[in-house]
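Here's the structure, in structure tokens; my notes come after.
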Amino acid sequence: MSDEQIDLLSLTKYRWRMKALQQKRVDKDFDIHLQAWTNQQIKATKETGQGKNKKSVPVYKNFKDFFNYEKRMKQIDGKTTKEDKEKKRLAEVAKRLNQRA
């Protein structure tokens, strides 16, 4: 895209292009993380139990624990997740408690 074409872009079209670029980057991150997940599945384990009951189990139970695609896409859209809302609520509670002290 030339400098002249960029100058002619409306703010709305610019935002659309930026959002598309961000989504493309998340897709690339997804591919990278999927490859890492595959490699990790082969190697990564953690020890559970004690004594004779020790056994190795995977660190992550599923891929979504490793990389949450939907959450990343919602972040681009500016939508908050249930987890984000809970963190915000807890921060407000802490703020009120700190103001009382």
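Descriptive notes on the structure:
- Accessible area of segment 1-75 belonging to carbon and sulfur atoms, whole % at 1.4 Å probe: 51 percent
- Per residue accessible area in Å² of the chain, where ligands, DNA and RNA are left out and the probe is 1.4 Å: 90 Å²
- For segment 58-101, the list of trypsin sites (Lys or Arg not before Pro) that fall in a loop by DSSP and count at most 16 other C-beta atoms within 10 angstrom reads Lys61, Lys79.
- Straight-line cross-link partners of Lys46 among the aspartates and glutamates, defined as a Cα under 17 Å from its Cα and at least 8 positions apart when in the same chain: Asp65.
- Pairs with C-alpha atoms separated by more than 27 Å, drawn from the list Lys43/Lys88; Lys19/Lys85; Lys64/Lys87; Lys19/Lys43; Lys28/Lys79; Lys28/Lys54, are Lys43/Lys88; Lys19/Lys43; Lys28/Lys54.
- Each Cα pair under 8 Å and six or more residues apart adds its sequence gap; the mean of these over the residue count of segment 17-81 is a relative contact order of 33 percent.
- Note on volume of the Cα convex hull per residue in Å³: of the candidates (i) 188; (ii) 129; (iii) 116, the value calculated from this structure sits at (i).
The values are calculated or read from the model by the stated rules, or taken from the named source; none is laboratory data. Since we're looking at a predicted model, the values are computed, not measured. A quick note on method: Cβ atoms are made from the backbone with ideal geometry, for glycine too, and the neighbour counts reach across all protein chains shown. When the accessible area is computed, the model is the full protein with side chains, heavy atoms only, and any ligands, DNA or RNA have been set aside. Shrake-Rupley method; radii C 1.70, N 1.55, O 1.52, S 1.80 Å.
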